[in-house]
2 protein chains.
Amino acid sequence: MDNESKINDLIELLLVSSRERLHEIIEDIHPQDILDAINKFEGDKKLILSKLPEEVVANIIDEADDEEKYELLALFPEASQKLILSEMSSDELVDLLETVTPDRATNILEKLQKEDMEEVKELLNYGPDTAGGIMATEFLAVKENMTVGETLKYLQVESPDAETAYYLFVLDEDEYLKGVVSLRDIVISNFNIKIHEIMHEKVISVPVNMDQEEVGHLFEKYGFLIMPVVDEMDKMIGIVTVDDIMEVLRNENTEDIYRLAGIQEGERVEGSIGGSVRRRLPWLYINLITAIVASLTVSMFEGTIQRVVTLASFMPIVAGMGGNTGTQTLTIIVRAIALGELTFENVKKVLLKEIATGIIMGFSVGIVIAIIGFLWVGKPVFGLVIGLAMLLNMAVATLAGFLVPITLKKLKIDPALASAVFVTTVTDVLGFFFFLGLATVLLEYLV
Amino acid sequence: MDNESKINDLIELLLVSSRERLHEIIEDIHPQDILDAINKFEGDKKLILSKLPEEVVANIIDEADDEEKYELLALFPEASQKLILSEMSSDELVDLLETVTPDRATNILEKLQKEDMEEVKELLNYGPDTAGGIMATEFLAVKENMTVGETLKYLQVESPDAETAYYLFVLDEDEYLKGVVSLRDIVISNFNIKIHEIMHEKVISVPVNMDQEEVGHLFEKYGFLIMPVVDEMDKMIGIVTVDDIMEVLRNENTEDIYRLAGIQEGERVEGSIGGSVRRRLPWLYINLITAIVASLTVSMFEGTIQRVVTLASFMPIVAGMGGNTGTQTLTIIVRAIALGELTFENVKKVLLKEIATGIIMGFSVGIVIAIIGFLWVGKPVFGLVIGLAMLLNMAVATLAGFLVPITLKKLKIDPALASAVFVTTVTDVLGFFFFLGLATVLLEYLV
């Protein structure tokens, strides 16, 4: 509610202020807030947008969701579009271009200044999920024999964006990265000090083709705000900033969570019904096939079920417990892979731990369910059958929860993808097989 | 592999360098890398640690996992411990104190300088999951009528940590937040300019008791590097930095993923078997109870199953498809709640969308399974029963996937917690009830 009245106040302010007054006050308002106000405003958005300086519009477009970016830009006449585009940084332009149709992309590219166009075209060559795909080419480069005083003068001329200004990269003549110096180091040093005296030499950089999620892990590990990106020849070609990385990590997390539940990426809670059906139905059909495999397993034992129909009543317990046990292990393993916590060194140890955990939990649950089965049916052998089936099923479930994601990872398939479907298929099929198979073998003691 | 040889080189360097030489080179090595080297080194860790300057050790302890922090500190003699503790910032000290036993916490508190001790004691009063619990009290404060030149002198005297130096907060005499100025604004401005001429006045701050996840969303939304924290009277009392926020978001994401799978928070992939069993078994027992409820539902229809035993074979399809459909919706809703995308305004629209999606998917899957059922059993009514049950079950599954997390949220329970257990119970019980109930009603056409 507080946030809503804040947005309403801002809409009011944007509408009533003169163009001149607005340019004065706009600097203190975050572009995300202006975007929220524009999105909420139900009248003609041009009324607000046309008053804003191009630089602010560029920032607003950068904050906008993928689909909105072009819509916002298209509200402006051609001349203004050119000015707005010239204010956008290279990574923002790439983001914009990657979300529009090829026709629109060509149209936008034509409106760019020649230098920007070439830079952006180069960036578009990198995979969108790599360091190259999210980097910006605007960064501050200095030479190691410049003094602090010279550097300060250079900064005053360049007047860099706030988000990229906190680290200056020290390059040699061939653009190799020699070191890094923070703005804070510059500020607290004497004017005559040379850059190489205060620079840090061991700079951790990322190769241009590194997967963006891996880059994200480096930011998390080291707590960096900016990381330099280098090409195959180790020349520095760009920077990745932490605000972009937060978005990357957020999207990767959503993707993992969705995939574990069998939802295709890109589904949004406010999306269309058609979009939801299209993204979920394929997995349900795959699941239907695996469920039919489980059904076929059961149908092999129809003769046994006919004679001991209570077996059918216990089937949900077998399937449910196996599925849940498998999903627990699966989730631990998928998350550990995503966070880079599962390595060659500890994978065996983790496997043994999971199997031991499965056996202990299988015993713990098996004994309880054996007693329940005995009391329910009145025959000790029924307790033995359901208890033993549960122990076997849960041990296998942890094994499947471990092996399925590891195997997918080895096959270079995202482990989160469809893992749950495979694991529950294994636990359903084997669970029913253990339970109904044991019952068939011991049938004479059950009837 | 590359990373491993890097660590081995670093161990070598740490071991062979003289104390003096080490102090020179250590500045360029990230404390996280030194920590990795210490953890990997199999000899006496004191051999390395005792050579390092206290400031570096403080940084290493800050990077360490919760359990390791105290272990590292305890390797030093008492006098060194005091020096190390004096180098740690307030939020790092709080992190350390929150992870040790009360005895050890008292012991650490006694070793702090009086001023630090009071500050830390105050910070410990805030909930560990709030802005207050993760903030640091060290920040740069300036007055609005200071000049840029005076500010630069102040910075040279203070020589602040790199991570907190990028924003200076403008406070009045009563410590109310008047504005913020970035280090970049300082650097590119003339020495005689007054701070109030270049400061941004509309500062977005967080209240000290705001939940850390909500603070995280603000960082994501605005792309901030630092946010000021204010108390109930709006006085500025600390800062939260983006590196801490990344850790918060990472942990909250893991927690959500784990809870959806029925795993208690705190499980680690490399943890002990006992820890894993303790964190997973409670959920399996809860799931056992809900599975028994599903079994009781089936047992109501044992007479029907005895006459049409193929019904038992189709039970895994009913349960599996309902559970998966419910989990899909559940996941979308839980994630939307976690990301703050589900609001009062769109909740009705989302509900209608989910129901419509469930009905469309129910029809799509229902028709296929009806045909399969008809072909399998050879009776059209069997196809009707399984198809209709599937439609009803999937429509109810999306409804349950929506209502269960929304209800938990209203009850102020984390929606991710146990949602899956409740949803699959609903889909199992109702799915079997629809399927076997319909079969019982139409039994004369099935035998």
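Points to keep in mind about this one:
- Among the candidates A:I292, A:I257, A:I263, residue that is β-branched (V, I, T), at pLDDT below 90 and part of a helix (DSSP H, G or I): A:I257
- Some residue of region B:203-210 being without any contact (Cβ under 8 Å) to a residue 24 or more places away in the chain, more than 25 Å from A:D244 (Cα to Cα) and either within 33 Å of the chain's Cα centre (by Cα) or surrounded by 16 or more Cβ atoms within 10 Å (Cβ to Cβ) (or both): no
- Filtering B:D161, B:D185, B:D172 for residues that are more than 30 Å from A:K153 (Cβ to Cβ) and in the same structural domain as B:P207 (by TED's automatic domain parsing) leaves a single hit, B:D172.
- Selection from region A:231-246 of residues that are within 20 Å of B:A338 (Cα to Cα), surrounded by fewer than 23 Cβ atoms within 10 Å (Cβ to Cβ) and more than 7 Å from chain B (Cβ to nearest Cβ): A:D244
- B:P228, sole failed condition from (1) part of a loop (DSSP other than H, G, I, E, B); (2) more than 12 Å from chain A (Cβ to nearest Cβ): (1)
- Unmet criterion (only one of (1) at the interface with another protein chain (Cβ under 10 Å from one of its Cβ atoms); (2) buried (at least 24 other Cβ atoms within 10 Å of the Cβ); (3) of a type in the set (G, A, S)) for A:A389: (1)
- Scanning region A:54-74 for any residue that is surrounded by fewer than 19 Cβ atoms within 10 Å (Cβ to Cβ), in contact with a Leu (Cβ under 6 Å, 6 or more places away or on another chain), away from chain B (no Cβ under 12 Å) and over 20 Å from B:L218 (Cα atoms) turns up at least one such residue.
- Scan region B:299-354 for residues that are outside any helix (DSSP H, G or I), among the polar types (S, T, N, Q) and either more than 7 Å from chain A (Cβ to nearest Cβ) or over 26 Å from the mean Cα position of the chain (by Cα) (or both) and the total you get is 1.
- Residue in region B:385-392 that is in contact (Cβ under 8 Å) with a residue 40 or more places away in the chain and not aliphatic (A, V, I, L, M) present: no
- Scan of region A:19-66 for residues that are within 34 Å of the chain's Cα centre (by Cα) and part of a loop (DSSP other than H, G, I, E, B), ordered by number: A:I29, A:H30, A:F41, A:E42, A:K45, A:L52, A:P53, A:A64, A:D65
- Only one of the numbered conditions (1) over 24 Å from A:E92 (Cα atoms); (2) touching a Phe, Trp or Tyr at 6+ places or on another chain (Cβ under 8 Å); (3) not β-branched (V, I, T) is not met by A:F139, and that is (1).
One line per residue, one yes/no per condition, for (1) assigned to a helix (DSSP H, G or I); (2) closer than 24 Å to A:S89 by Cα; (3) touching a Leu at 6+ places or on another chain (Cβ under 8 Å):
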residue	(1), (2), (3)
A:Q156	yes, yes, no
A:P160	no, yes, yes
A:E173	no, no, no
A:N209	no, yes, no
A:H217	yes, no, yes
A:M233	no, no, no
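- Of all residues in region A:1-41, those satisfying the criterion of being within 13 Å of another protein chain (Cβ to nearest Cβ), farther than 18 Å from B:I198 by Cα and of a type in the set (A, V, I, L, M) are A:M1, A:I7, A:L10, A:L13, A:I34, A:L35.
- Each residue in region B:180-199 was checked for being surrounded by fewer than 20 Cβ atoms within 10 Å (Cβ to Cβ) and modelled with pLDDT of 90 or more, and 6 of them qualify.
- If you go through region A:167-185 and keep only what is more than 11 Å from chain B (Cβ to nearest Cβ) and of a type in the set (F, W, Y), you end up with A:F169, A:Y176.
- Test for A:R259: is it closer than 27 Å to B:I60 by Cα, crowded, with 18+ Cβ neighbours inside 10 Å, out of contact with any strand residue (DSSP E or B) (no Cβ under 7 Å at 6 or more places or on another chain) and charged (D, E, K, R): no
- Of note, A:F363 satisfies the criterion of being assigned to a helix (DSSP H, G or I) and surrounded by fewer than 17 Cβ atoms within 10 Å (Cβ to Cβ).
- For B:M246, the conditions (1) in contact with a Gly (Cβ under 8 Å, 6 or more places away or on another chain); (2) without any contact (Cβ under 8 Å) to a residue 12 or more places away in the chain; (3) assigned by TED's automatic domain parsing to the domain that holds B:G401 all hold with the exception of (3).
- Pick from region B:256-277, criterion more than 7 Å from chain A (Cβ to nearest Cβ) and in contact with a Leu (Cβ under 9 Å, 6 or more places away or on another chain), ranking: farthest from B:P160 (Cα to Cα): B:L260
- Enumeration of residues in region A:305-354 that are aliphatic (A, V, I, L, M) and closer than 26 Å to B:E252 by Cβ: A:L330, A:I332, A:I333, A:V334, A:A336, A:I337, A:A338, A:L339, A:L342, A:V350
- Restricting region B:108-160 to residues that are of a type in the set (S, T, Y) and touching a residue at least 12 places away in the same chain (Cβ under 8 Å) leaves a set whose member that is surrounded by the most Cβ atoms within 10 Å (Cβ to Cβ) is B:T151.
- Against the numbered list (1) of a type in the set (D, E, K, R); (2) more than 24 Å from B:R259 (Cβ to Cβ); (3) in contact with a helix residue (DSSP H, G or I) (Cβ under 7 Å, 6 or more places away or on another chain), A:E345 comes up short only at (3).
- Residue match in region A:151-159 (condition: closer than 17 Å to B:D28 by Cβ and within 10 Å of chain B (Cβ to nearest Cβ)): no
The values are calculated or read from the model by the stated rules, or taken from the named source; none is laboratory data. Here the structure is a predicted model, which is why all the values come from computation and not from measurement. Backbone-built Cβ (ideal geometry, glycine too); neighbour counts: all protein chains shown.
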